[in-house]
Every structure is written in C-alpha cells, then in structure tokens.
Amino acid sequence: MIKKTAFIGHREYAGNKLEVELYLAVENQIKSGCKNFIMGTHDEFDKMALRVCRSLRKKYKDIEIEVVITSLNTIKPVIEYDNIFGREKYFLYADVDTIMYDIEEVYFKKKIIVSNQKMLDNCDTLICYVNTQKNYGGAIKAYNYAMKKGLKIINLY
C-alpha cells in the first residue's frame, strides 16, 4: 500500500507554534517514506496543511498533494496582484490534484463528515489538531473514525 497521510483539524487554532510542529510532523512522514498527502478546504488547519505541504514540495519534489473539495464554489478563481503586470487571475488549487467525492445525495450538514471518512479510508496516517475532550463536531468525528480504522494518529493539539 502506498503511504498516504490525511489532515483533519478544528476550524480555528491558537498560536503560530502549530505551523512549525505541523511542518516537522509532515517532514517526518516524508522521511519515513510517505509521498502522498490529502486535506480538505474548510478550516484554518486545512489551509495550514496545504501551505506546509506546498513548502515542503520545494524541498521534496516528488510529494503529491490532493485537496478534497465538497463544492465547485471552492475552486473559483482568486485574484492576486503582480508587481509588474497589475492583476493576475489564478486558480487556488492549480498546482495540486483535486478530488470531489460522490456525496451529492448526502444531507448538506453531513457532507464534510462523509467526505472526511472517504478521505481517511485511503490513508494509513492522520495528522490532526483535535481536542479529544470534545464530544461534538466534525474534527472529533473524523478522529474517532480514524481510531476505529486503526490509522496511525499524530495529534498536534
């Protein structure tokens, strides 16, 4: 089986130290043979995971990054300013693979939960930022799902 690491976290987090810890955790995964990383798009931890993976891809050219989207609205163009040419449009996920699971029939409030489960079904490791004392929310549900599946879990909370 190809090693694959997923990322799950709470919508918000406190402090900048987490990004350094995440960077080190992802780099350790790469050094242990993992070249495939997958994350969602719905919270700050997902955005941080994508930033870290993109940064590490500059050093480790062969890593693959997948982003799971639950809505086509997620891939709309973003405008960035270029110093010389003015405005430049680009797609936020143009440099990564995107995945959209078949979850159209799922009740809209459960789409992220089902999408997270499908993401975890194809992974052997979960790097997360989850308060395990909470008993509600998508992050803890994904964490518990990963536990049941026997995934290696690296919780940075």
Restricting the stretch 1-39 to residues that are polar (S, T, N, Q) and in contact with a strand residue (DSSP E or B) (Cβ under 7 Å, 6 or more places away or on another chain), the one nearest to residue 113 (Cα to Cα) turns out to be 5
Has the stretch 111-124 got at least one residue that is in contact with a Ser or Thr (Cβ under 6 Å, 6 or more places away or on another chain), modelled with pLDDT of 75 or more, surrounded by fewer than 19 Cβ atoms within 10 Å (Cβ to Cβ) and outside any loop (DSSP other than H, G, I, E, B)?
-> yes
Does residue 69 fit the bill of being of a type in the set (Val, Ile, Thr), in contact with a strand residue (DSSP E or B) (Cβ under 6 Å, 6 or more places away or on another chain) and modelled with pLDDT under 90?
-> yes
Tell me, which residue of the stretch 125-144 that is touching a residue at least 12 places away in the same chain (Cβ under 8 Å) and open to solvent by 60 Å² or more (accessible area, probe 1.4 Å) is nearest to residue 39 (Cα to Cα)?
-> 141
Over the stretch 125-141, the set of residues touching a Gly at 6+ places or on another chain (Cβ under 9 Å) and assigned to a helix (DSSP H, G or I) is 139
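The values are calculated or read from the model by the stated rules, or taken from the named source; none is laboratory data. In this text the structure is predicted, and so the values were computed from the model without any measurement. Cβ atoms come from the backbone with ideal geometry, glycine included; neighbour counts cover every protein chain shown. Remember, those area values only see protein heavy atoms, side chains included, never the ligands or the DNA or RNA. Shrake-Rupley method; radii C 1.70, N 1.55, O 1.52, S 1.80 Å.
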